[in-house]
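Working notes, structure below.
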Amino acid sequence: MKFCYFGWALSSTIGIILYNLCLLNHIIINSSFIFILIFILLFLLLFGFYIFDKNINKEISNGNSKKINIIFLILTCFMFLSLSFISTFYTNLKNNSFINLINKTNIFKNKNEDIEISAVGQILSNPEKKYNKIYFKFKIINLKIKNKNENKDKDVLIIKQNGNIFISYNYGAQKNNNDADENFLLGDFVEVNFKDIYYDNNNKNYKQDISNYNSYIFNVDKIIKNIKLRSFTYHLYKFKLKIITCINSLFSKSLKTPNDNIASAVILGQQAKIPFEIKESFKKSGIYHLLAISGLHISTIFLFVFYFSKKGINLLANLFHFRNNIKININYLVIAFIAFYVFIIGAKSQVLRASIMFSLSLFAKELHKDFKQANIFFLAYIFLIIVNPSYINNIDVGFVLSFTSVAAIIFVMPIIMKLFCSLFKLKEQINNYFLKSIFTVISINIVIGPILSYYFGGFSIISIIANFVIIPIFYIILFNLFFASLISLFWFWAGSILIKPANFFIDIMLKSSKFFENLPGSFLKTSLFNNKIVFFSYYIVIAIVLIYFYFSLKKKKNYYLI
């Protein structure tokens with residue numbers, strides 16, 4: 001069915017929204033209700049598919065295949081709606097389990113000066129420095145309650161406790177502490193000492209981040225980074241940390257400042273050390289997306305790994321005279337490498353989206369299935385929001401920008417290209433790199449312009465030209481950094497030699513960004529789209545215009561249909 005995948009994606013989104021509406025209206029959702037929902041879901045699915053299987057041949061022979069398709073769509077949409085609703089319930093229950101514990105026990109309210117409360121856990125988000133503090137999401141593994149007057153381990157009460165909280169830490173508070181380190185990373189295992197807790201539902205800077213944790217913010221006065229745990233996850237983390245340390249060491253020793261910080265952002269997704277003026281320059285010139293690992297990075301790395309894997313396997317095949325299953329081995333090797341790369345840099349929403357879409361495309365080719373990119377796009381969206389409904393609950397900006405950008409390329413760009421072909425009476429497909437780049441950037445800006453304005457106070461006017469000039473340079477930088485980083489893991493000296501050209505090309509990229517930033521009117525500051533009526537009206541109008549051109553151009557046959 002043509003709109004089946006879209007229907008599933010929409011149903012999954014509605015399920016999450018319905019759960020949040022229940023919470024807003026103080027409708028109690030408990031485990032009993034969820035079990036009943038699961039039972040109804042299973043019953044309807046089994047009954048529905050039984051009837052469907054029993055009558056499908058009869059209905060099709062009578063020419064009622066459309067009726068069968070509608071029944072199938074309704075059943076599957078209800079299934080995805082229920083799955084997302086159930087997933088949101090259990091995600092919310094897990095995230096707030098620690099909040100529920102402290103509300104029941106009042107351990108913070110009853111805490112006296114002799115009692116020290118700390119927690120061991122893992123950092124779940126990239127730590128962000130603002131207002132002389134570090135903010136990050138934190139997953140609790142163990143809760144420790146200790147009497148400060150007693151130093152014996154037996155006097156420490158350890159409670160196995162899961163739950164996510166939001167941490168605020170004054171990183172200047174422990175400058176003389178040898179265990180302290182303000183350079184915390186996503187995935188780090190740390191121990192935090194709680195100072196106090198407060199409820200702030202009107203925190204404008206972090207309102208979206210803390211909404212899932214009932215707007216509680218935990219102030220901590222000490223963070224110990226070098227801790228050891230006995231778990232498989234911890235050993236994986238230590239392995240990951242060794243790789244990250246090696247690559248960061250390569251950048252810091254072989255590249256000048258701030259080029260080393262840009263390299264860390266491009267390869268490892270670590271943007272914390274990039275100077276503020278460079279971030280602003282990239283935002284105003286419309287190339288800030290190059291600093292955040294996204295589909296552009298994953299696709300480039302995918303092509304790099306695929307090309308060299310193919311060459312390597314062909315070389316081995318010629319040496320050892322084997323040719324069986326070379327293609328399938330390459331595809332699986334690429335998927336495995338992308339999964340490993342995601343593990344190293346962290347499972348950010350935009351990285352997961354790109355990785356899932358590439359993996360599904362490769363699997364489709366292996367199965368000789370002609371999967372449309374639109375269907376793969378919807379499948380990736382459904383998978384991510386069901387596994388982690390927080391992307392919708394908290395309105396993850398990276399998630400929104402990643403999916404809207406790809407949606408613009410898949411759905412908007414073909415219509416604009418058709419319109420262009422219609423206006424100029426073209427009957428051949430457009431293969432010109434320059435024109436395709438322009439259409440891509442125009443389509444993305446049409447879709448994400450208001451979103452950028454809403455979150456960042458404006459958007460770049462010259463991003464089309466800036467991207468056209470700088471992206472080819474960026475490809476060279478990315479290939480150079482990635483190849484040198486890979487080599488350095490096995491031979492550090494060789495990697496430090498191979499990475500040297502990156503200094504030159506990063507300098508060119510920085511100067512180009514500065515040039516475009518300084519052009520008059522390069523960045524349009526506007527608060528127009530902060531008005532939600534204007535914001536949603538814009539997208540309604542754009543949708544109507546695109547649908548009109550889609551159907552009107554579809555009727556014409558005097559140009560190439562892309």
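The values are calculated or read from the model by the stated rules, or taken from the named source; none is laboratory data. Bear in mind the structure is a predicted one, so any value in this text is a computation, not a measurement. Positions of Cβ are generated from backbone atoms using ideal geometry, with glycine treated the same way; all protein chains shown enter the neighbour counts.
If you go through the stretch 514-548 one residue at a time, how many are surrounded by 11 or more Cβ atoms within 10 Å (Cβ to Cβ) and at positive phi?
Count: 0.
Is it the case that some residue within the stretch 269-281 is under 21 Å from residue 481 (Cβ atoms), part of a helix (DSSP H, G or I) and touching a residue at least 24 places away in the same chain (Cβ under 8 Å)? Steps first, please.
Our first condition is that a residue be under 21 Å from residue 481 (Cβ atoms); within the stretch 269-281, this holds for 269-275, 278-279, 281.
Of the ones still in play, those that are also part of a helix (DSSP H, G or I) are 278-279, 281.
Those left that are additionally touching a residue at least 24 places away in the same chain (Cβ under 8 Å): 278, 281.
The answer is yes; a qualifying residue exists.
Filter the stretch 216-231 down to the residues that are in contact with an Asp or Glu (Cβ under 9 Å, 6 or more places away or on another chain) and either polar (S, T, N, Q) or free of Cβ contacts under 8 Å to residues at least 12 places away in the same chain (or both), then identify the one that is surrounded by the most Cβ atoms within 10 Å (Cβ to Cβ).
Per the criteria, the residue is 219.
Against the conditions (1) modelled with pLDDT of 85 or more; (2) under 26 Å from the mean Cα position of the chain (by Cα), where does residue 393 fall short? Just the number, please.
Of (1) modelled with pLDDT of 85 or more; (2) under 26 Å from the mean Cα position of the chain (by Cα), only one is false for residue 393: (1).
Answer yes or no as to whether residue 445 is touching a Phe, Trp or Tyr at 6+ places or on another chain (Cβ under 9 Å) and either surrounded by fewer than 16 Cβ atoms within 10 Å (Cβ to Cβ) or among the acidic types (Asp, Glu) (or both).
Taking the combined requirement at face value, the residue does not satisfy it.
Does residue 123 satisfy the criteria of being within 21 Å of residue 349 (Cβ to Cβ), of a type in the set (Val, Ile, Thr), crowded, with 18+ Cβ neighbours inside 10 Å and at pLDDT 75 or above? Walk me through it before giving the result.
Details: within 21 Å of residue 349 (Cβ to Cβ): yes; of a type in the set (Val, Ile, Thr): yes; crowded, with 18+ Cβ neighbours inside 10 Å: yes; at pLDDT 75 or above: yes.
Judged against the criteria, residue 123 is a match.
Condition first: over 29 Å from residue 3 (Cβ atoms) and buried (at least 17 other Cβ atoms within 10 Å of the Cβ). Can you find one or more residues in the stretch 419-442 that meet it?
Yes - at least one qualifying residue is present in the stretch 419-442.
Can you tell me which residues in the stretch 273-293 are of a type in the set (Gly, Ala, Ser) and within 16 Å of residue 460 (Cα to Cα)? So that I can check it myself, show each step before the final result.
In the first step, residues of the stretch 273-293 are kept if they are of a type in the set (Gly, Ala, Ser); the result is 281, 285-286, 292.
If the condition is that a residue be of a type in the set (Gly, Ala, Ser) and within 16 Å of residue 460 (Cα to Cα), then 281, 285, 286 are the ones that fit.
Kindly evaluate residue 386 against the criterion of being among the aliphatic types (A, V, I, L, M) and touching a residue at least 60 places away in the same chain (Cβ under 8 Å).
For residue 386, the condition - among the aliphatic types (A, V, I, L, M) and touching a residue at least 60 places away in the same chain (Cβ under 8 Å) - is met.
Given the condition closer than 30 Å to residue 425 by Cβ and of a type in the set (Gly, Ala, Ser), answer yes or no: does some residue in the stretch 545-556 qualify?
Initial filter on the stretch 545-556 (closer than 30 Å to residue 425 by Cβ): 545-556.
Narrowing further to those that are of a type in the set (Gly, Ala, Ser): 552.
Checked against the condition, which is being closer than 30 Å to residue 425 by Cβ and of a type in the set (Gly, Ala, Ser), the stretch 545-556 yields at least one hit.
Quick one: which residue in 337, 411, 358 is free of Cβ contacts under 8 Å to residues at least 60 places away in the same chain and not small (Gly, Ala, Ser)?
On inspection, the qualifying residue turns out to be 337.
In the set 465, 506, 499, which member is crowded, with 16+ Cβ neighbours inside 10 Å and within 30 Å of residue 528 (Cβ to Cβ)?
Only one candidate passes the filter, namely 465.
Hey, can you tell me all the residues within the stretch 232-257 that are free of Cβ contacts under 8 Å to residues at least 24 places away in the same chain and assigned to a loop (DSSP other than H, G, I, E, B)?
257
Out of the helices (runs of 4 or more DSSP H) lying entirely within the stretch 402-514, which hold 3 or more residues that are among the aliphatic types (A, V, I, L, M) and farther than 28 Å from residue 304 by Cβ?
Working: elements: 413-423, 433-456, 463-488, 492-498.
The helices (runs of 4 or more DSSP H) meeting that bar are 413-423, 433-456.
Under 27 Å from residue 280 (Cα atoms), of a type outside the set (Gly, Ala, Ser) and more than 22 Å from the chain's Cα centre (by Cα), is that true of residue 424?
Here the answer is no, as residue 424 does not meet what is asked.
Could you check the stretch 248-276 and list, in sequence order, the residues that are under 24 Å from residue 398 (Cα atoms) and out of contact with any helix residue (DSSP H, G or I) (no Cβ under 9 Å at 6 or more places or on another chain)?
Passing the criteria: only 276.
I'm trying to understand the selection: among the residues of the stretch 519-540, which are among the hydrophobic types (A, V, I, L, M, F, W, C), modelled with pLDDT of 90 or more and under 22 Å from residue 460 (Cα atoms)?
Matches in the stretch 519-540: 534, 535, 536.
What pairs can you find where one residue is in the stretch 128-141 and over 18 Å from residue 234 (Cβ atoms), the other is surrounded by fewer than 21 Cβ atoms within 10 Å (Cβ to Cβ) and of a type in the set (Asp, Glu), and their Cβ atoms are less than 6 Å apart, with a gap of 6+ or different chains?
So the pair list comes out as 135/128.
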